[in-house]
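All remarks here apply to the structure that follows.
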Amino acid sequence: MPLDEPVRRALIAAAQEVRLRAYAPYSNYRVGAALLLPDGRIVTGCNVENATFGATICAERTAVVKAVSEGERHFVAVAVVTANGGSPCGICRQVLYEFAPELTVIMADEGGRIVHEGALYDLLPHGFGPAHLV
Ligand code: THU
């Protein structure tokens, strides 16, 4: 679904801001994610690394878990900001798909320049979702 330009900019700005709080001492790769709710509110998350490496939590999943634990399960779009406009990992695509298979995904660099904007469905075609278990 196309986003209004002011909403798109606000979402990217929120991801840029939360990215500054990333805890990434091992990779030094800071990621900020901002989820847009249907009513226009934004829930953000950053990556939180761990000395075991494997316990690291990505920014997108931080945002989803924050939102769901606050009672929000409907998402319109997500903006992901990294130094170079990096792409959401496979696990994050799957976690986003659980709640919002029709999500719009924006990837932007640290200056807010959009590298990619498109549907989650195109990033995770034929994804496995809740409907498969009923
Ligand atoms: N990372 C994210 O936060 N989101 C992704 O989708 C890709 C990877 C983080 C995890 C780790 O802290 C760092 O980026 C390098 O992989």
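Each reported figure results from applying straightforward, stated rules to the coordinates on display, with no laboratory input. Computed from a predicted model, the values in this text were never measured in an experiment. Virtual Cβ from ideal backbone geometry, glycine too; neighbours counted across all protein chains shown.
Relative contact order of segment 5-133: what whole-number percent is it, with Cα pairs under 8 angstrom and at least 6 residues apart? Value for segment 5-133: 20 percent.
Extent of segment 64-106 along its three principal axes (Cα atoms, max minus min coordinate, largest first): 32, 18, 18 Å. Size descriptors for the chain, from the alpha-carbon set: Rg then Dmax equal 13.8, 43 Å. Each peptide in 113-125, 35-47 gets a packing score, the mean of other Cβ atoms within 10 Å over its residues, and the list from highest to lowest is 35-47, 113-125. Using every pair of separate Cα atoms, the Kirkwood estimate puts the hydrodynamic radius of segment 30-104 at 12.4 angstrom.
Taking the charge dipole of the chain about its Cα centre, with +1 at Lys and Arg Cβ atoms and -1 at Asp and Glu Cβ atoms, the residue from 28, 83, 12 reaching farthest to the positive side is 28.
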